[in-house]
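Read-outs throughout are calculated quantities, based only on the coordinates presented, and are distinct from any laboratory measurement. A quick note: this is a predicted structure, and the numbers were derived from the prediction, not measured. Here the Cβ is made from the backbone with ideal geometry for all residues, glycine too, and neighbour counts use every protein chain on show.
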Protein chains: 4
Amino acid sequence: MNTKNTREILEIVQQIFSTKIPFNNLLGLKLETLDIDNAKITFEMRDELVGNFIHGILHGGVISATLDVMGGFTAFLGILRKMEDRSYEEKIERFSRLGTIDLRIDYLRPGKGKLFIATGSVLRTGNKVAVTRMELHNDENKLIALGTGTYLVG
Amino acid sequence: MNTKNTREILEIVQQIFSTKIPFNNLLGLKLETLDIDNAKITFEMRDELVGNFIHGILHGGVISATLDVMGGFTAFLGILRKMEDRSYEEKIERFSRLGTIDLRIDYLRPGKGKLFIATGSVLRTGNKVAVTRMELHNDENKLIALGTGTYLVG
Amino acid sequence: MNTKNTREILEIVQQIFSTKIPFNNLLGLKLETLDIDNAKITFEMRDELVGNFIHGILHGGVISATLDVMGGFTAFLGILRKMEDRSYEEKIERFSRLGTIDLRIDYLRPGKGKLFIATGSVLRTGNKVAVTRMELHNDENKLIALGTGTYLVG
Amino acid sequence: MNTKNTREILEIVQQIFSTKIPFNNLLGLKLETLDIDNAKITFEMRDELVGNFIHGILHGGVISATLDVMGGFTAFLGILRKMEDRSYEEKIERFSRLGTIDLRIDYLRPGKGKLFIATGSVLRTGNKVAVTRMELHNDENKLIALGTGTYLVG
C-alpha cells in the first residue's frame, strides 16, 4: 500500500480544488480531507448565495453545485482506494478525466443556516463508472438536501 | 383573458429575478421574456464560471443551477397560463411559493462556448405539482445538458 | 391517538395490495406490515422474473416496479403517521389518491438471489408531496438497487 | 457499411428479446424493428397489468419496466450505428454486456388505453456509457410517461 503517495495526491487535489477551479471559489467551497475515508466540503452563508430574498435562504443552484462537486470528489476517493499501489501520475491523470454523467438532487428543507457541510459515500465503483450519494446538512445538523450522482471515472 | 395583467406580472417577475435573487446575479443570468410562451435565460462565459481549468469549460454547478432556475420559471409560466383571469396579487403570491422538489441533470457535452441559452417546456401542470424539461445550448446551438425538474406550485 | 384504527387500515391496505392490484400478484410481491414503522415487501425469484437469460439474474423492470410500490407504500405510512386521529374513511381515501410523480432507480449489483426484500424510509412528508428512499436487498443482505421517489399524497 | 450484418443482428436480438428474456414475455412486450433508426416496443393492456383497480389503469411498474427495456435497446442501436463495420460476434457480445446504471421515470398521465407504444432516442453515446430518453404513448397518442436512462455499454 502506498499511503504516502495517497496523502500527497490528496494535498495536490486539494490545491487544485482551491486554486484552479474558479467556480468553487465563487461559491466559497472549502475541501477538507483529513484522510481518504473522511472528506467534506463546507461553505459559509453569504448574501450572494441567497435565492429567496424574503426568507434569506440558500439558492437551489448553490446546493446542486456543491453536491455535484462533493459527488465527483467522492467518486475520486473511491478510485484512489482501488489504485493504492499505482503511481502518482496515474492517479492525477484519473482525477483530470473525471466527469459527471448525471445528477439527481432532492431538496428536503429550506437552506437556512450560517454554515453548510456536504458529505458523500460511494454506492458503486467500477472501472468506468461510479455512483455516489451526497448529503448537505446545516450547522444545526438538519438535512437540507440529498444528491445521487453517476460519474465517468474510466 | 387578462393579458395586460400577465404582461405586468412578467415584468415584475423579471425585476425580482434580476434585483432580488443575488445568486442569479453572481452567475450573470439574464431572463428574457418576450411573452408568456417564449422565455429563455442566457449568460456569458466568464473566468469565474470555469470548472475544468485545463479545458476552460463550464463548471457543472453553473449548469445545474441555471437549469433549476429555468425549470422553476417554466413551471411558473405554466401556472400563469392557467391563472389568466386571476388577480395580480394571486399571481405574485403563487410565484413566491414556488419551490424545487427534485431535479435531474444529464450532462451531455463539455460546456464550451461564449454564450449559453437555457430554455424550458412544461411536461405536466397540476394544482400542486409541475414537471418541466430544460435544455442548455451554447452559441453554436450544441446541446450541452438536459434537465428534468419537479416543482411545488400549490 | 387512534392506534386501533391505524391497525385496521394497515390490514385493509394489505388486503387491497394482495387482492386488488393484479400486477403486484404477477410479480409475486408480498407486503409485510407488523406495524406502522416496520414494513417490507418481499418476493421470491422465479423463472418469469429473469432478465438476463445467461446469468439468470432479475430483470431491471422487476426491480423498478418493486421499488416504486415500496416507495408509494412508504409515502402512505408517512401520511398515516400524520393522520393518527382522523377517521377510517379519510385514511382510505388518502390511499386511493396516492400517485407516483417521478422515480429514480440506481442499479448497483446484479439481481442474484432466491429472495428479495424491499424497504423504504420517508425523506420528506408534506401535505401535497412525499419523497421516499427505497432499498432492495437479496437474501445474503447484498444491496441490489436503490430508489428515490416523489409521490403526490394530497 | 455492413448493412446485411446489421439486419441480421437486429433479427437475432429480436429473437433473444422474445424467447430468452422471460419477463418481457410476462409483460407481453413486442419489439418492432423495421430498421436501425426505427424501433419501438408495444404491448396490449391486460388485466394482469393493472395497478389501480378502481380506474383500471396501468401499474407504474409496467411503465418503468417497459421504458427501461426500451432505453437499453435504444442504447444498443446507438452502439450498432458506431460499429457498422465490425463483426457479427463483436456486436452480439456488446449486446450481452449492456446494463442499466440508472433510470428516471416521470409519470405524466394515468396509463389508460388498449395499446401502449414505447420509443426512444439517444442523447449521448460514448465508448463506455450511453444516455437515452424514452417515451410511452397510448393508442390515442397521449404521452403517458417519460424516461431518462444511463446505460453501461463498454
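Label points for residue B:37 are taken 7 Å from Cα along Cα→Cβ. From this copy to the others they lie 3.0, 5.5, 6.0 nm apart, shortest first.
Where the centroid of each part is defined by its Cα atoms, how far is the stretch A:44-92 from the stretch D:54-105 in Å? When both Cα centres are located, 31 Å separates them.
Charge dipole (Cα centre; +1 on Lys/Arg Cβ, -1 on Asp/Glu Cβ; no other charges) of the stretch A:1-56 amounts to roughly 120 debye. Close amide-amide hydrogen proximity is noted between residue B:99 and B:152, each under 5 Å apart and 5 or more residues distant or on a separate chain (H modeled in the peptide plane; Pro and chain starts excluded).
Distances, shortest first, from the label point of residue A:93 to those at the same position in the other copies read 2.4, 6.3, 6.6 nm; the point lies 7 Å along Cα to C-beta.
Restricting the stretch C:36-104 to chymotrypsin sites (Phe, Trp or Tyr not before Pro) that sit in a DSSP loop and have at most 14 other Cβ atoms within 10 Å of their own Cβ leaves C:53.
Size descriptors for the stretch D:77-154, from the alpha-carbon set: Rg then Dmax equal 14.9, 44 Å. Looking at chain A, what % of the alpha carbon pairs are farther apart than 29 Å? When all Cα pairs of chain A are counted, 16 percent exceed 29 Å.
Among residues other than residue C:47 with Cβ under 15 Å from its Cβ, the summed charge is +2 (Lys and Arg +1, Asp and Glu -1). Take each residue in C:131-140, count the other chain C-beta atoms within 10 Å of its C-beta, and the mean is 1.
Using mean Cβ contacts within 10 Å as the protection proxy, how do B:36-42, A:22-28 order, highest first?
Values: B:36-42: 16.3, A:22-28: 19.7.
Those peptides, ordered most packed to least, come out A:22-28, B:36-42.
Cross-linked pairs C:20/D:40; C:20/D:20; A:30/C:128; A:30/A:91: Cα-Cα separations exceed 28 Å for C:20/D:40; C:20/D:20; A:30/C:128.
Across chain C, C-alpha contacts under 8 Å between residues 6 or more apart give a mean separation that, scaled by the residue count, equals a relative contact order of 24 percent.
On the rotation that sends chain C to chain A, the chain C Cβ lying closest to the axis gives residue and distance in whole Å as C:104, 3. Taking 0.36 nm per residue of separation and subtracting the current Cα-Cα distance, fully stretching the chain between residue B:30 and residue B:115 would add 29.5 nm. In summary, the aspartates and glutamates within cross-link reach of residue B:114, defined as a Cα separation below 19 angstrom excluding same-chain residues under 8 places away, comprise B:32, B:44, B:47, B:48, B:135, B:139, B:140. Counting Cβ atoms of other protein chains within 10 Å of each residue's Cβ and taking the mean over peptide B:48-56 gives 4. Compute the angle between helix C:60-82 and the longest alpha-carbon principal axis of chain C, please, reported from 0 to 90 degrees and rounded to the nearest 10. The angle comes out at about 20 degrees.
Note on A:19-26: average number of Cβ atoms from other chains within 10 Å of each residue's Cβ is 6. Taken about its Cα centre, chain B carries a charge dipole of roughly 260 debye when the Cβ of each Lys and Arg holds +1 and the Cβ of each Asp and Glu holds -1.
Here the label points at residue D:127 and residue C:139, each 7 Å from Cα along the C-beta direction, are separated by 4.2 nm in the simple model.
A label point on residue A:25, set 7 Å along the Cα-to-Cβ line, lies at 2.2, 6.3, 6.6 nm from each of its counterparts in the other copies, closest listed first.
Which percent, nearest 5, of DSSP beta bridges in chain A are antiparallel?
On the way: 37 of 37 bridges.
Here the share of antiparallel DSSP bridges comes out near 100 percent.
A Förster distance of 22 Å, applied to the separation of the beta-carbon atoms of residue C:81 and residue C:7, puts the FRET efficiency at 0.95.
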